[in-house]
Amino acid sequence: MKIVFISSLLTSLLFSAFTEAAIDEKPIYIKGALGTITCDTVIFVNGEEKEIINLGVISINDFTKESNIHGTPGSIVPGPANVDYTAFSLAPINAADCPATTAQISLKARNVEHFPNVIQSDATDETKVGVEVLMNDGTRVLNQSWVAADTNFDATTKAITLKANFYATTPTVTAGKVEATAVYQILYL
């Protein structure tokens, strides 16, 4: 009788533990927008359609460094590289087919902790350099709700203008790849 009871108790405990271990609850976030206009968009850099925004190659010495007591360069000051931002735009394939007069944008990506405008990737973990993305006028756009394009919207081309740059996230950076991926949605109005 004791063996049957213990066996039954163990089976019950194991089943309960298995059942509890199989439960994994997480929210699903679903987002979209409703507009009267839809326009197929692409990325433009210097007026040319591109699939990738190429920031080029810079030196780790292109970041601002603190001055030590003796005037020698010290650690890197976290911030953007001392190079020009790369301007790019998100625009309809054919502006004539897009009767919008303004737009709003949503840009989502995994950002670097304490740096809300900087996109993080596996490469960022290695180099300690991410990519800062802003509207062309400097307005924050990354992981905001819908951001009005306002002065960053070209009424003729229907383009939303943005800019990107390398961004050091720690006082020490390592040479290597810098990559970033973000997902955008544009609500044309």
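The values are calculated or read from the model by the stated rules, or taken from the named source; none is laboratory data. Since this is a predicted model, take the numbers as computed values, not measurements. Positions of Cβ are backbone-derived with ideal geometry, glycine not excepted, and every protein chain shown enters the neighbour counts.
Report yes if some residue within region 102-116 is touching a Ser or Thr at 6+ places or on another chain (Cβ under 6 Å), farther than 27 Å from SER59 by Cβ and not in a loop (DSSP other than H, G, I, E, B); otherwise report no.
No, region 102-116 contains no residue that is touching a Ser or Thr at 6+ places or on another chain (Cβ under 6 Å), farther than 27 Å from SER59 by Cβ and not in a loop (DSSP other than H, G, I, E, B).
Take region 147-189 and flag every residue that is assigned to a helix (DSSP H, G or I) and more than 20 Å from THR38 (Cα to Cα).
Across region 147-189, the qualifying residue is only THR151.
Anything in region 122-164 that is small (Gly, Ala, Ser), surrounded by fewer than 19 Cβ atoms within 10 Å (Cβ to Cβ) and touching a residue at least 12 places away in the same chain (Cβ under 8 Å)? List them, or say none.
Correct list: ALA123, SER145, ALA148, ALA155.
The rows are residues; the columns are (1) surrounded by 19 or more Cβ atoms within 10 Å (Cβ to Cβ); (2) at pLDDT 95 or above.
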site: ASN61; (1), (2): no, no
site: GLU66; (1), (2): no, no
site: ILE69; (1), (2): no, no
site: GLY74; (1), (2): no, no
site: GLY79; (1), (2): no, no
site: TYR85; (1), (2): no, yes
site: SER89; (1), (2): yes, yes
site: PRO92; (1), (2): yes, yes
site: ALA103; (1), (2): yes, yes
